[in-house]
Structure formats: structure tokens, C-alpha cells
Amino acid sequence: MSDRLKISFAAPSLPSSGTLVVFVGDDLAFTSHVADRLGPAALEAFSRAAAAERFRGKAKSALVIAAPAGLEADRLVVVGVGKAADREKTDYVSLGGAVLPKIGRTRSAVVLFEGPAEWRIDAEAAADFALGAMLRAYAFDRYKTKKKDEDEADLTTALVVAVEDPAAAKKVWKLREAVGAGVVTARDLVNEPPNVLFPEEFARRAEELTELGVEVEVLDEKQLGKIGMRALLAVGQGSRRESRVVVMRWNGAKGKKSASPLCFVGKGVCFDTGGISIKPAGGMEDMKGDMAGAACVVGLMKALAGRKAKVDAVGLIGLVENMPDGNAQRPGDIVTSLSGQTIEIINTDAEGRLVLADVLWYAKERFNPAFMVDLATLTGAILVALGQEHAGMFSNDDTLAERLSAVGAVTGEGVWRMPLGPAYDKMIDSKFADMKNTGGRHGGSITAAQFLKRYVGETPWVHLDVAGTAMGSPASDISQGWASGWGVRLLDRLVADYYES
Ligand code: BES
Ligand code: MN
Ligand code: ZN
């Protein structure tokens, strides 16, 4: 996991071994600071190597010079940051992720955060860079019994980010590190196999947040039955594994004791076979990731608690396993949800909305939230609409939706707003009950969102369909792929920018 990278901050100085990383723009000119440190021999080695490799200083490109003349370091890595005009837009998190593999398998690396000009080299930029490196270093290998190379298996790289004011950078890093830890937790949960991470085990892992001061409540099937969450229980009734709902409370807005906390709700289908409406075999193993919404909520609560966010937030997750069985629910069944509204089951594979219907209603009734944001790997149709670039966003509140779009642009966890409306709502009216759980082939992500809307009342609400972004993700600068931990940084930023006192 991320313990293969040890991150620290120090004042700039040249290392006597390992890797030295410096930055350069597309003019290939170093600031006088960096040029002085490197000295004439290393500068000469750089210009020869740059010419030989046609290195142009393009953003995120790197030139690696082994055994550089005039330096004690074993490797000099020169990282491009592109054109002066583009430099102020640098995404330091991505940059840190992109640089990490260039550092190579060395025991130590010093990153000289000293330019070039037109570049932010402040504490925030340095801490963001470190966050990117931390996220890129993540690997899920706990089930690999044979490591590639025994020497490399336990190789830890000490990464020193060298900045003018290390104390200031360290302070920001404390906050970023907490967010990074939340992302790592979300990734771990999504990556875990479904025989290990079933609802009870998921709940047990959520309970670990108590160490950070989060109040965690686990509701078992008996309690859920008493409360009346029959839609959620119907999904889990075909499984040998019991269902759970977990409520996580972080009270960080000390003193005020908010009567309307922020609520985050996650779909936690630990495995989705489809149930009686069973899915085809090909790729079904991916459905271990159908709890990515819940994983994000746990990761977010960990981030908020870890950085002691000044906010009152509640995370609620519905944990079930959707299996075919003699006791499983059937197409044609009619279930009564916690809200009292009845649902005709058309397709047992449209199970996520049944889980969320009860948890959203419960959150609304119990907590009177300032807003609710739910995350769910809800529909394959959102992949058809948006691919893996954006999560689908549905909302009854323009302000909240605009805020999410804004933090999406900043964090790179993009959301794209999709429509809602009465014509779509009609598509889920049922002949036999108040509504049916599918709306036909057209607009599948929208009718799923309309279904959820029937359970949020007047509460400002956003639904994020993360089926395309939170699992099966392609590799990126900050992720080696599959479980991206999508949404933790987005929602942490939403809270930080708009809701902290
Ligand atoms: N968990 C799936 C959606 C999904 C698909 C997530 C692909 C990640 C990748 C969800 O429960 C589901 O099966 N949805 C159905 C709904 C349909 C039956 C109306 C779907 O998308 O086909
Ligand atoms: Mn399903
Ligand atoms: Zn599902």
C-alpha cells in the first residue's frame, strides 16, 4: 500500500545519493537558484542529454540522466512543466502522480521545488504534489503471495519534497494526507474480493473510523425490519449474508451542534449477481465493485475526521448482497418501502435504487439534512452516456449542482449534469403499485434518478451515478487503475470550499 512511500518536507539541498528531481519549462532554462545548485558540469550533462533525447520540457515529460556529472546523486530527473502561459494552471496532484514512476526504484529521492518562474512553489502546491505521489504509489497486492523480486518487494522510497518553508508545507500536508488516506480506504474497499468483503465485514471496517472520533452505528437486519426498510431487505433476502446499514457521524462544527448536518449516502451492494434477473457470466466479477458509492462515503468520512473538518456530516451506507436463491425476491413482487410507497419489482437487477430509496428516506427523516449527496454505481446506461470521464449528476437544487461542478473542475473528478422531469418520472409509474423499479430501455440512468427523487422530498439533493468512474477505471497519473477512489477528493473539497465554519 502507500507505506512503500515515505513523504517528508525539508529545506532545499542536494542529496548525496539516490534521485534528484528538478523542474524546467519549455525554454529549458533553470532558475538561477537551481542552476547554482546543479553547477556547470551537471548543466552541461543536461543540455547534452536534452539534445540527444530531444527533450523539450513538455508538461509531465521527464529526462532521466544516470550518474550525472558534477552531482553526488545517482540519477538526475528533469521534469518538464511546459509553457510559461500554462504554468499557473498546473495540476500539482497530477504532476506528483506523473513524477513518481520517473523516480524509479531508489531508496531516496529529493524533489527540488524551486521554480521555474511563473510557477507556484508554495506550501499548497508542494503538498498537492505529495498527495499525487502518494496516490500513484498505491497498489493493491495483499493477495499476491509471490512478489516479483524479494529485494524490491519491501523497497521503501523516502521522498523528500524540498521547499523554502518546509514547516508551512508540512502543515498543509497534514490535511492532504488525511484526504489521501480516505482515498486509499475507498480503493481498498472496492478492490477487496466479495468473499472477504460482505456486508457485515464492510460494516466492521466502517467501525474502524471510531478511532478517528467518528460515531459509528451499525443497524442489523432485526433493527432494519423494525424500522421498516423493506425495500433494502428485499434485495438482501436471497443472500446467506445479512444486510446492514451503517450510520457514521462526524461532529466537527463544535459548539453549534447543527440541527441539519450534511448527509452522504452510498450504495453498498457488496456483490451484484443481478439476483433472479441474473447477469451474464462475462465480466460479472467486476460486480464486487458495486459498493463503490458506500466505499466513497467511508473514505470521505475518514478524510473529514482525519483533517478535523469544521463541519457536521453524516455518512449512511446500505450494505447488501444481491443473489439468486429460493428465498430471493422475484420480478412481480411488490415491496413496501420505508416511506410507505410501494414498488413493483420488474427486474431484480435494478436493486441499487431499492437500497437507496430506504436509506435516503431514513436520512431525510432522521437528520433533516442541509443537503443529501448520494453516490451509486447505479446504471450501466451512464457508461453509455458519459463514458468514464464524468459521473452523471442529477439534482433538484441548482446551487448544490453548480458547487459540485465547480469542485469537479478543480479536483479533476468531473461531474456532468443530466436532466430530470415529469415526463421521465411518468416512465416509472406502475400498473400495480406506486412505482416500478425500471423504466424501460430508454434513458435508463434518468429513470433510475427519478426513482430516487421520489424518496428525497424537498431536501436539496444530488445523485451521482458513478458506475463509470469509481470502478473499472483506466489508469491515470494518480491511479494504477480499477478502483480509483473516485469522489472522496470531490466531496472533501465541496465541504472545505463551501460548508466549513
Ligand atoms: N450495478 C449495476 C450497474 C452497473 C453496471 C455498475 C455496470 C457498474 C458497471 C446495477 O445494479 C444494474 O444492474 N443496473 C441495471 C439496471 C437495469 C436492470 C434497469 C443496468 O444498468 O443494466
Ligand atoms: Mn444490478
Ligand atoms: Zn448494482
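The values are calculated or read from the model by the stated rules, or taken from the named source; none is laboratory data. Worth saying up front: this structure is predicted, and the values here are computed from it rather than measured. Positions of Cβ are backbone-derived with ideal geometry, glycine not excepted, and every protein chain shown enters the neighbour counts. Quick note on the areas: whole protein, heavy atoms, side chains included, nothing else; ligands and nucleic acids left out. Shrake-Rupley method; radii C 1.70, N 1.55, O 1.52, S 1.80 Å.
Return the distance in nm (one decimal) between the two label points of a simple spin-label model at residue 54 and residue 72, each offset 7 Å from Cα along Cα→Cβ. Distance between the two pseudo-spin positions: 3.8 nm.
Projecting label points 7 angstrom from Cα along Cα→Cβ for residue 501 and residue 107 puts them 5.1 nm apart.
Compared with the alpha-carbon gap, the fully stretched path from residue 196 to residue 398 is longer by 68.7 nm at 0.36 nm per residue.
Residues whose amide H comes within less than 5 Å of that of residue 461, counting only those at least five positions distant or on another chain, are 372, 396, 397 (H built at 1.01 Å from N in the peptide plane).
Need one word for the chain: rounded, prolate or oblate. Basis is the Cα gyration tensor (sqrt eigenvalues a ≥ b ≥ c); a/c below 1.5 gives rounded, then a/b vs b/c decides. Since a/c reaches 1.5 and a/b is larger than b/c, the shape of the chain is classed as prolate.
With a 1.4 Å probe and all protein chains left in place, how much of the accessible area of the range 5-164 comes from carbon and sulfur atoms, in whole percent? Carbon and sulfur together cover 50 percent of it.
For the range 461-471, 3J(HN,Hα) computed residue by residue from phi via the Karplus equation (6.51, -1.76, 1.60; θ = phi - 60°) reads 8, 10, 10, 10, 8, 9, 4, x, 10, 9, 9 Hz, glycine and proline entered as x. Here the relative contact order of the range 180-498, from alpha carbon pairs under 8 Å that lie six or more residues apart, stands at 22 percent.
Computed over neighbours whose Cβ is under 11 Å from that of residue 413, the net charge equals 0, Lys and Arg +1, Asp and Glu -1.
Filter the cross-link list 102/147; 226/288; 6/302 down to pairs whose alpha-carbon distance in this structure exceeds 26 Å. With Cα atoms farther than 26 Å apart: 226/288. Of the residues 427, 248, ranked by 1.4 Å probe accessible area with the largest first, the sequence reads 427, 248. Could you calculate the FRET efficiency of residue 215 with residue 281 from 1/(1 + (r/R0)^6), where r is the beta carbon distance between them and R0 is 35 Å, rounded to 0.05? Using R0 = 35 Å, I get an efficiency of 0.25.
What relative contact order, as a whole-number percentage, does the range 5-164 give when Cα pairs under 8 Å and 6 or more residues apart are counted?
Reported as a whole number, the value is 35 percent.
Of the residues 95, 40, 131, the one whose Cα sits farthest towards the positive end of the charge dipole of the chain is 131 (charges of +1 on Lys and Arg Cβ, -1 on Asp and Glu Cβ, taken about the Cα centre). Restricting the trypsin sites (Lys or Arg not before Pro) of the range 155-247 to loop positions (DSSP other than H, G, I, E, B) with no more than 11 neighbouring Cβ atoms within 10 Å leaves 240. In a simple Cβ point-charge model (Lys, Arg +1; Asp, Glu -1; nothing else charged), the chain has a dipole of about 140 debye relative to its Cα centre.
Give the calculated FRET efficiency between residue 84 and residue 207 to the nearest 0.05, with a Förster radius of 56 Å applied to their Cβ-Cβ distance. Efficiency, rounded to the nearest 0.05: 0.65. So, R0 is 35 Å and r is the distance between the beta-carbons of residue 6 and residue 365; what FRET efficiency does that work out to, to 0.05? Result of the calculation: an efficiency of 0.15. Relative to the longest principal axis of the Cα atoms of the chain, helix 32-53 runs at roughly 80 degrees.
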